[in-house]
Amino acid sequence: MAAERPRDLYPLMTLEYVVKALKVLFGRDNVISDKGEIGVRVQYPGHSELSSVRLTIEQAKFVVARSISAKDLIDENYPADWLLGARDRSTIARPSHRGVEPLLFKQEKR
């Protein structure tokens, strides 16, 4: 069974608009759109290096509409209604500076 995609809360926001808005928020050279995802390089306050965050298009629209800060993206400090309240770890943006995280598997019920 395929994972259900979240409902688009901002259907009038085009991908082009979202990418341009993210470039305004995070810098022109820090936003890359690729294959249904948007990569954003953000700087954590007080640090010199950049961290990478991958967003789905729906998440990127949410970031633009709600002006979520770079610090909150890196810290995974999402609003309660992030992706309609879903906390499915497989669809939440993951900062790349944390390295590999183990996958948790649920045992199938029989």
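The values are calculated or read from the model by the stated rules, or taken from the named source; none is laboratory data. Fair warning: this is a prediction, and the values are worked out from it, not measured in the lab. Cβ placement follows ideal geometry from the backbone for every residue including glycine, while neighbour counts extend to all protein chains displayed. Each accessible area value is taken on the protein alone, full model and side chains, heavy atoms only, with ligands, DNA and RNA left out. Shrake-Rupley method; radii C 1.70, N 1.55, O 1.52, S 1.80 Å.
Here residue 7 passes the criteria (1) among the basic types (Lys, Arg); (2) over 12 Å from the mean Cα position of the chain (by Cα); (3) modelled with pLDDT of 80 or more; (4) open to solvent by 80 Å² or more (accessible area, probe 1.4 Å) except the one numbered (3). Taking the criterion of being part of a helix (DSSP H, G or I) and under 14 Å from residue 8 (Cα atoms), the residues of the range 45-71 that qualify are 57, 58, 59, 60, 61, 62, 63, 64, 65. With respect to the conditions (1) touching a helix residue (DSSP H, G or I) at 6+ places or on another chain (Cβ under 7 Å); (2) open to solvent by less than 80 Å² (accessible area, probe 1.4 Å); (3) at pLDDT 85 or above, residue 74 lacks only one, and its number is (1).
Condition check ((1) open to solvent by less than 30 Å² (accessible area, probe 1.4 Å); (2) touching an Asp or Glu at 6+ places or on another chain (Cβ under 7 Å)) across all residues:
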| residue | (1), (2) |
| --- | --- |
| 28 | no, no |
| 31 | yes, no |
| 35 | no, no |
| 40 | yes, no |
| 46 | no, no |
| 50 | no, no |
| 54 | no, yes |
| 57 | no, no |
| 65 | no, no |
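Name the residue that is nearest to residue 70 (Cα to Cα), counting only residues in the range 10-26 that are in a helix (DSSP H, G or I) and open to solvent by 40 Å² or more (accessible area, probe 1.4 Å).
Residues of the range 10-26 in a helix (DSSP H, G or I): 15-26.
Pick out the ones that are also open to solvent by 40 Å² or more (accessible area, probe 1.4 Å) and you get 15-17, 20, 23-25.
Details: 15: 20, 16: 21, 17: 19, 20: 16, 23: 13, 24: 13, 25: 9 Å.
Here the residue is 25.
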